[in-house]
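Input: a single structure, listed below in structure tokens.
Just so it is clear, none of the values below were taken in a lab; they were calculated from the coordinates. Everything numeric here is computed off the predicted structure, so don't read it as measured data. Positions of Cβ are backbone-derived with ideal geometry, glycine not excepted, and every protein chain shown enters the neighbour counts.
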């Protein structure tokens with residue numbers, strides 16, 4: 001429930017005979033599935049936890065017919081400065097946003113990018129609506145990667161989706177153009193990834209790396225290049241780029257693991273094409289896709305954004 005007057009997101013729980021007599025804390029944790037952190041943050045707010053619209057301590061035992069509610073936002077604004085910028089919102093509700101990120105837009109502010117990120121643009125978007133905002137991305141995309149990604153509007157939604165991440169409940173499919181084709185038309189790369197010695201940025205296959213698994217399927221070939229669909233089973237930094245280079249088919253334009261090709265494409269040819277998840281509050285299955293953008297479509301011999309293979 002969103003309070004239209006205060007822009008507060010609240011979860012409510014009508015107290016039935018079966019729930020009566022249990023402590024407020026137990027109802028919040030076990031019936032609403034809230035973490036101790038979410039409950040602790042709500043306890044700090046004067047209207048954080050209400051019973052019949054009045055503040056209540058977590059040791060109180062509600063009775064049949066009463067209404068328990070908890071505020072999910074913590075009333076705080078993040079530290080990311082709001083800057084007006086373009087947002088392509090594929091889905092928005094009270095709890096999550098799904099965005100189609102353009103290539104070249106960073107997700108987080110960092111050195112050299114203090115006002116041109118999705119975090120800045122979202123901070124401005126919510127400021128203009130009078131809604132407290134803390135930037136809580138669930139999955140992240142590299143600067144040069146385009147496509148769909150999820151942002152949670154409050155800590156509870158982020159926690160639930162983070163638990164889904166890297167499970168079959170939260171599935172991510174990518175499209176990549178590779179400079180060569182893999183030895184098989186489909187398969188799985190199961191090779192551990194770790195930070196390369198003497199490098200802050202680069203990763204490599206190494207026996208002491210973290211377990212990493214990528215499923216792939218060749219969608220089409222274009223001369224010496226091919227379009228590959230990939231699904232991540234794990235989520236290591238640069239996982240797709242490292243694994244495809246390991247197979248001998250680095251991504252087109254990849255300056256770090258392949259060959260930079262500014263005359264062909266101005267970035268690494270990688271696109272987050274679709275994702276599916278279960279809504280953190282309602283449990284509803286959500287599916288969103290983003291067509292292949294122009295620069296990658298041209299590499300595939302197409303003149304328009306392309307959704308083939310999806």
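For the stretch 78-182, the square roots a ≥ b ≥ c of the C-alpha gyration tensor eigenvalues yield an a/c of 1.5 or more together with a/b not exceeding b/c, which makes the shape oblate. Give me the log10 of I(q) over I(0) for the stretch 104-151 at q = 0.29, 0.30 Å⁻¹, as the Debye formula computes it from C-alpha points; what are the numbers? Per q value, in the given order, log10 I(q)/I(0) is -1.16, -1.20. All alpha carbon pair distances within the stretch 241-287 were sorted into 10 Å bins beginning at 0; the resulting P(r) in whole percents reads 26, 30, 18, 21, 5.
Using R0 = 22 Å, the C-beta based FRET efficiency linking residue 168 and residue 94 works out to 0.30. Each pair of Cα atoms in the stretch 1-156 enters the Kirkwood radius, and Stokes-Einstein at 25 °C and 0.890 mPa s then converts it into a translational diffusion coefficient of 144 µm²/s. Against the chain, whose longest principal axis comes from its Cα atoms, helix 118-127 is set at around 30 degrees. When the alpha-carbon atoms of the stretch 2-71 are used, the pair Rg, Dmax equals 11.2, 32 angstrom.
Short to long, the 5 Å bins of the Cα pair-distance histogram for the stretch 109-265 hold 2, 8, 15, 17, 18, 16, 12, 7, 4, 1, 0 percent of all pairs.
Evaluating kT/(6 pi eta Rh) at 37 °C and 0.692 mPa s, with the Kirkwood radius of the chain over Cα pairs in the Stokes-Einstein relation, gives 153 µm² s⁻¹. Annotation: the antiparallel percentage among DSSP beta bridges lying fully within the chain is about 95. All C-alpha to C-alpha distances of the stretch 227-310, sorted into 5 Å bins beginning at zero, yield P(r) values of 3, 13, 19, 21, 20, 12, 6, 4, 2, 0 percent in whole numbers.
Relative to the longest principal Cα axis of the chain, at what angle does helix 155-164 sit, 0 to 90 degrees, rounded to 10? That works out to roughly 50 degrees. When peptides 29-39, 265-275, 55-65 are sorted by average Cβ neighbour count within 10 Å, with the highest value leading, the order is 265-275, 29-39, 55-65.
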